[in-house]
Amino acid sequence: MAMRQTPLTCSGHTRPVVDLAFSGVTPYGFFLISACKDGKPMLRQGDTGDWIGTFLGHKGAVWGATLNKDATKAATAAADFTAKVWDAVTGDELFTLAHKHIVKSVDFTEDSSHLLTAGQDKLLRIYDLHKPEADPEQIGGHTSAIKKALWYNNDRQIISAADDKTVRLWDRASMTEIKTLNFNLSVSSMEYIPEGDTLLITYGRTIALYNSS
């Protein structure tokens, strides 16, 4: 007999939700952050969906959001040409990282020392959060807007998906491209599942699973 489940619903946003991310499991449970076109990313308890707080400060749609592993920091990517880093416990804004175009994706390293960003300007940027005022390292190569960028292989590599119908693998140390996957349509979403070393990619009406090794 098939198991029937009733989904939890989390109200509060006033426009479409465009990105979700979970933290790791902490002594206080795990947490969920949502990015929304209403410009107000929200933090929730991951198992119940209960609202904890809203991060206020962006002046445009928020396209991407993430939490670090222990849920002490959050990062958001927005249409106001900024990425922001937040104290996820107090809700305070820690840094605003200015960009030249809309930011679509943010991702912390495992130790939360660096933040990877990407967006409409086709560039990957790596910020040292110990020196947020310093210019970021930049990696170019995509020919259209980047939708998602993720740290991979213990932060030694980066995976990025873009509107140029490619997913690309980059070496962090040399800042060079290692491999390219080509698709016949733009990639709409991408997630890496480290437990199974699996890369999940969606494009058109297709969900594709890759063994990332």
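Throughout, read-outs are computed from the coordinates displayed, never taken from laboratory work. Just so we're clear, the structure is a prediction, and the values are computed from it rather than from any experiment. Please note: Cβ atoms are built from the backbone with ideal geometry, for glycine as well, and neighbour counts cover all protein chains shown.
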Kirkwood Rh for region 20-100 from C-alpha pairs, in Å, is 12.3
Once normalised by the length of the chain, the mean sequence separation of its alpha carbon contacts under 8 Å that are 6 or more apart gives a contact order in percent of 9
Total charge of the residues flanking D163 in space, meaning their Cβ is under 13 Å from its Cβ, with Lys and Arg +1 and Asp and Glu -1, is +4
For the chain, the dipole about the Cα centre with charges only on Cβ (Lys and Arg +1, Asp and Glu -1), to the nearest 20 debye, works out at 720
Scoring region 17-139 by relative contact order with C-alpha pairs under 8 Å, at least six apart, yields a percentage of 16
In nanometres, the difference between 0.36 nm per residue of separation and the alpha-carbon distance of T206 and D111 is 30.9 nm
With the dipole of region 17-139 defined by +1 on each Lys or Arg Cβ and -1 on each Asp or Glu Cβ, the option from H130, Q45, Q120 whose Cα lies farthest towards the positive pole is Q120
Two pseudo-spin positions, 7 Å from Cα along C-beta at T72 and at F30, lie apart in nanometres by 2.0
Placing each pseudo-label 7 Å from Cα in the direction of the beta carbon, R15 and K59 end up separated by a distance in nanometres of 1.5
Footprinting proxy, L20, L32, L8: sorted fewest to most Cβ within 10 Å, the residues are L8, L20, L32
Quick note, region 139-199: a/c under 1.5 would make it rounded; otherwise a/b > b/c is prolate and the rest oblate (a ≥ b ≥ c, C-alpha gyration tensor); here it is oblate
If each K or R counts +1 and each D or E counts -1, the residues other than E177 whose Cβ falls under 13 Å of its Cβ total +1
For the chain the translational diffusion coefficient, Stokes-Einstein from a Kirkwood Rh over Cα pairs at 37 °C and viscosity 0.692 mPa s, in µm²/s, is roughly 187
Within region 6-75, DSSP-loop chymotrypsin sites (Phe, Trp or Tyr not before Pro) with at most 11 other C-beta atoms within 10 Å are Y28
Checking rank on 100-108, 37-45, 191-199, with mean other Cβ inside 10 Å and highest first, the result is 100-108, 37-45, 191-199
Semi-axes in Å, largest first, for region 84-186 (Cα gyration tensor, √(5λ)) are 24, 15, 12
Distance in Å, no decimals, from the C-alpha centre of region 129-197 to the one of region 47-108 is 19
In a Gaussian network model of the chain with springs linking alpha carbons closer than 10 Å, the residue among D50, D80, D121 that fluctuates most is D50
In nm, the gap between the two label points placed 7 Å beyond Cα toward Cβ at F22 and I193 is 1.1
Beyond 31 Å (Cα-Cα) in this structure, taken from K40/K179; K69/K179; K37/K179, we find K40/K179; K37/K179
